[in-house]
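Visitor: Pasting in a structure now, in structure tokens, and then I'll have a few things to ask.
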Protein chains: 2
Amino acid sequence: MSVAIVGGGIIGLAIAWRLVQRGVDVTVLDDGETGAWHVAAGMLHPGGESAFEGPALGVLMNRSAGLWPDFAAGLGVDVGYDGTGTLGLALTADDVAERARWWARQKLPVLRPSELREREPALSPRIRAGVHAPGERQVDPRRVVAALRDRLAGRIVAKRVESLDEVQAGTVVVAAGCGTARLTGLPIRPVKGQVLRLRGEPGLLRHVLDATVDGREVYLVPRADGEIVVGATQEERTDATVTAGGVLDLLRAAVDLVPQLAEHELAETTVGHRPGTPDNAPLLGRLDDRVVVAAGHHRNGVLLAPVTAELIAGLVADGVADPLLAEFAPGRFR
Amino acid sequence: MSVAIVGGGIIGLAIAWRLVQRGVDVTVLDDGETGAWHVAAGMLHPGGESAFEGPALGVLMNRSAGLWPDFAAGLGVDVGYDGTGTLGLALTADDVAERARWWARQKLPVLRPSELREREPALSPRIRAGVHAPGERQVDPRRVVAALRDRLAGRIVAKRVESLDEVQAGTVVVAAGCGTARLTGLPIRPVKGQVLRLRGEPGLLRHVLDATVDGREVYLVPRADGEIVVGATQEERTDATVTAGGVLDLLRAAVDLVPQLAEHELAETTVGHRPGTPDNAPLLGRLDDRVVVAAGHHRNGVLLAPVTAELIAGLVADGVADPLLAEFAPGRFR
């Protein structure tokens, strides 16, 4: 069996890896442009982002979170998978009101400012309340993609696919993120996100910080090497412009949370586009006899890579359609 | 007569141009690194920056401001010399109190918010008061340097000078900005400045804006092509790091002044070092029989380039020491 995967981002590569492990002859066609994974912070929040999303997506996210430790270990190199967990934070009284409902639903005990600062001494004393979510972890998506590319050396072909008719393979898996819309006609729209990378001495922060700051959502993801990823705007726009307002909002929130970050280097300003769908859940499964889709992961592409790889590899290599796939059928919006 | 100029920034090149016009055989030795001119916004504020500086410096600045129109015209290309003038602005009541004394000294009538917005419709309605200073103009330093380099083609040698002993010339003019300290032992220190460049549709702003915003000084210099330079931090530091706090302060002040700038692209973040001296006035004149110094222009290098070129060219080519030079003798701190 020969399978071509269109798209060499974290989803396409993860599927390819799992297929190769099943003995399938896989080729990945990649246009060489960096995808959303290059910008993504790599928060693995199985609950964090699903507050307003359907129960099937919650199941999918939790399953993938459970797969991540083995997925990361299997790559054989350090990809920054870190289990310190996340501090959920609220700066003002209004921010606490906004977050409290969610914390209660997760049954996380609310920590006082002094308890938060015991865990993270660099936090601003202005922060009113927070929680520790040990199950909300992080990984470095750039390292994951580099490791997957190493594993798949020789199987990745530099090629921009203009039409699926060009692709010579018995089965074609379209994992092209936002580009999937152009190739399949499926309703995937780009959702712009601006993300910053700060750099300083390692050790300032240990946890992922996921906060509401004066009504704005912001997260800080500290890497072991001193990099701190600050994200993200969420804009229904297609342009790739780093804007003054976007950077201002992110920096203001970051420095409000951790005042010492003012001295950190602003090392990178980037823009990515999340592949959003009408219900913001991914499109996973058969489109027709030849074409399988694995796209539209919106904000959850990094978290969902392991479960997507398992489900799609099982479908393609073993012919097994996991019942969960029914909830994410690519044709569900027709 | 052969003259070598050490330093190919705006000061060294301006001197070289004036010497060539007097028939002198000039070579410019340049290390290829961009100097403060590359970061500078190019505000020509003969009064704006001298509030706390000595009267001789005020005379020097005014003389140079008077020379700028001919200097710019003589370059034969558009270098962005613009006479629309500057709006001095104050956001809060405290900011007005801070600025009012200075405006009174300059005898500039204070304009109401509605009058300011007639001149600049994009200004925030929160701005309390301002003035129009028609004599405070702007030029684009990068264009000036490019034009001077064209004029001096063939006379600029790529060479980093480690010691003045290496330089083969009857007269050596040291115009090496912060590097002058290393070559001469004179007390010039780098004063770090962070500057942003935003980009958007041309026409949003017409005037230079020079403002106090919640106690912070900030300026916005709009170019004809839609670029808006936002500066500058002033830090007694030698590092070249773009910091989160520096960018945050500049963006916050810029968006407070002109809310629509939030949609502009953040196109460049740069760091430069102003060559400061103990009294923050330049060092101009003979150091010994062979060495002449033209350095230490601190925040005023672009403004002072024409007068520096006239004074130093007169000294070197004609042997005429303008009386004003006595106030800026390089040896005055010994």
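Visitor: For the protein assembly as shown, with only Lys/Arg (+1) and Asp/Glu (-1) charged at the beta-carbon, what is the dipole magnitude about the Cα centre, in debye rounded to 20?
Guide: 360 debye
Visitor: In addition: Using a Gaussian network for chain B with springs between C-alpha atoms less than 10 Å apart, which of these wobbles most: B:T27, B:T180, B:T92?
Guide: Comparing B:T27, B:T180, B:T92 in a Gaussian network model of chain B, the most mobile one is B:T92.
Visitor: On the accessible surface of segment B:1-81, probed at 1.4 Å, how many percent belong to carbon and sulfur atoms?
Guide: Taking all protein chains in place, segment B:1-81 shows 54 percent carbon and sulfur surface.
Visitor: How big is the dipole moment of chain B about its Cα centre under a simple scheme where the beta carbon of each Lys and Arg is +1, that of each Asp and Glu is -1, and everything else is neutral? Debye, nearest 20, please.
Guide: 340 debye
Visitor: From the phi angles alone, apply the Karplus equation (6.51, -1.76, 1.60; θ = phi - 60°) to segment B:242-253 and give each ³J(HN,Hα) in whole Hz, x where the residue is Gly or Pro.
Guide: Calculated HN-Hα couplings, in order: 6, 9, 4, x, x, 5, 4, 4, 5, 5, 4, 5 Hz.
Visitor: Compute the Cα gyration tensor for segment A:294-334, then decide on rounded, prolate or oblate, letting a ≥ b ≥ c be the square roots of its eigenvalues: rounded whenever a/c is under 1.5, prolate when a/b is larger than b/c in the other cases, and oblate in all that remain.
Guide: oblate
Visitor: Any chance you could check the Cα centroid distance between segment B:232-281 and segment A:160-221 for me, in angstrom?
Guide: 31 Å
Visitor: Place +1 on the Cβ of every Lys and Arg and -1 on the Cβ of every Asp and Glu in the protein assembly as shown, take the dipole about the Cα centre, and give the residue among B:N280, A:V3, A:G226 whose Cα lies farthest towards its positive end.
Guide: B:N280
Visitor: Report Rg/Rh for segment A:79-176, rounded to two decimals, where Rg is the Cα radius of gyration and Rh the Kirkwood radius.
Guide: Taking Rh as the inverse mean 1/r over Cα pairs, Rg/Rh reads 1.25.
Visitor: Between helix A:55-74 and chain A, what is the angle of the helix's C-alpha long axis to the longest principal axis, kept within 0 to 90° and rounded to the nearest 10?
Guide: In chain A, helix A:55-74 runs at an angle near 90 degrees to the longest axis.
Visitor: Output the 0 to 90 degree angle, nearest 10, between the alpha-carbon long axis of helix A:301-313 and the longest principal axis computed from the alpha carbons of chain A.
Guide: 30 degrees
Visitor: Mind grabbing the base-10 log of I(q)/I(0) for segment A:143-215 at q = 0.28 Å⁻¹? Debye formula, identical points on the C-alpha positions, no solvent, two decimal places.
Guide: These q points yield log10 I(q)/I(0) values of -1.33.
Visitor: Right, here's the next one. Only loop residues by DSSP count here, and only those with at most 11 other Cβ atoms within 10 Å; note down the GluC sites (Glu not before Pro) in segment A:83-186 that meet that.
Guide: Sparse-neighbourhood loop GluC sites (Glu not before Pro): A:E162.
Visitor: How far is helix B:141-151 tilted, in degrees, relative to the longest principal axis of the Cα atoms in chain B, given as a value from 0 to 90 rounded to the nearest 10?
Guide: For helix B:141-151, the angle is close to 30 degrees.
Visitor: Cα extents of the protein assembly as shown along the three principal axes, largest first, in whole Å?
Guide: Taking the Cα atoms of the protein assembly as shown, the three principal extents are 93, 54, 46 Å.
Visitor: Then there's this: What are the nm distances, shortest first, from A:G66 to its equivalents in the other copies, labels at 7 Å along Cα→Cβ?
Guide: Those label-point separations list as 8.4 nm.
Visitor: If the elastic network links every pair of Cα atoms under 10 Å, which of B:G296, B:G154, B:G215 fluctuates the most in the Gaussian network model of chain B?
Guide: Residue with maximal mean-square fluctuation among B:G296, B:G154, B:G215: B:G154.
Visitor: I would also like to ask the following. State the percentage of accessible surface on segment B:112-180 attributable to carbon and sulfur atoms; use a 1.4 Å probe and exclude ligands, DNA and RNA.
Guide: 45 percent
Visitor: Turning to a different aspect of this structure: Going Cα to Cα from A:K192, which lysines come in below 30 Å? Please leave out same-chain ones fewer than 8 positions away.
Guide: The reachable lysines, counting only those whose Cα sits under 30 Å from A:K192, are A:K159.
Visitor: Hey, if we sort B:M43, A:M61 by accessible area with the 1.4 Å probe, largest down, what's the order?
Guide: Greatest to least solvent exposure: B:M43, A:M61.
Visitor: Could you work out Rg/(2.2 N^0.38 Å) for segment B:1-96, with Rg from alpha carbons only?
Guide: For segment B:1-96, the normalised Cα radius of gyration comes out at 1.36.
Visitor: Can you work out the accessible area per residue across the protein assembly as shown, with the rest of the protein chains kept in place, probe 1.4 Å, in square angstrom?
Guide: 40 Å²
Visitor: Treating only the Cβ atoms of Lys and Arg (+1) and Asp and Glu (-1) as charged, compute the dipole magnitude of segment A:183-334 about its Cα centre; round to the nearest 20 debye.
Guide: 340 debye
Visitor: While we're here: Hey, for B:K107 with labels 7 Å out along Cα-Cβ, what do the inter-copy distances come to in nm, ordered shortest first?
Guide: Shortest to longest, the spacings are 7.9 nm.
Visitor: Test of the criteria: in segment A:93-199, which trypsin sites (Lys or Arg not before Pro) are in a DSSP loop and have at most 13 other Cβ atoms within 10 angstrom of their Cβ?
Guide: Qualifying residues, ordered by number: A:K107, A:R126, A:R160.
Visitor: Same structure, new question: Mind grabbing the interface size between A and B? I mean buried accessible area, both sides, 1.4 Å probe, in Å² to the nearest hundred.
Guide: That pair of chains buries around 1400 Å² in total.
Visitor: Something else about it: Largest first, please: the extent of the C-alpha atoms of segment B:241-323 along each principal axis, to the nearest Å.
Guide: 54, 23, 21
Visitor: May I ask you to work out the translational diffusion coefficient for chain B at 10 °C, viscosity 1.306 mPa s, via Stokes-Einstein with Rh from the Kirkwood sum over Cα pairs, reported in whole µm²/s?
Guide: Value of D from the Cα-based Kirkwood radius: 78 µm²/s.
Visitor: Per residue and in Å³, how big is the convex hull formed by the alpha-carbon atoms of segment B:179-334?
Guide: Value for segment B:179-334: 137 Å³ per residue.
Visitor: At A:A224 and B:D70, where each label point lies 7 Å from the Cα along Cα→Cβ, what is the point-to-point distance in nanometres?
Guide: With each label point 7 Å from Cα toward Cβ, the separation is 6.7 nm.
Visitor: So what is the calculated 222 nm ellipticity per residue for chain B, using -39500 (n - 2.57) for each DSSP H run with n of 4 or more, over all residues, to the nearest 500 deg cm²/dmol?
Guide: Helix-only estimate at 222 nm: -9000 deg cm²/dmol.
Visitor: Let me ask something additional. Just name one of B:V139, B:W102, B:L116: the one whose Cα is farthest towards the positive end of the charge dipole of chain B (beta-carbon charges, Lys/Arg +1, Asp/Glu -1).
Guide: Value computed over the given set: B:W102.
The values are calculated or read from the model by the stated rules, or taken from the named source; none is laboratory data. Everything quoted here is computed from the prediction, not taken from an experiment. Neighbour counts run over all protein chains shown; Cβ positions are idealised from the backbone, glycine included. Note: accessible area is taken over every heavy atom of the protein model, side chains too, but ligands, DNA and RNA are not part of it. Shrake-Rupley method; radii C 1.70, N 1.55, O 1.52, S 1.80 Å.
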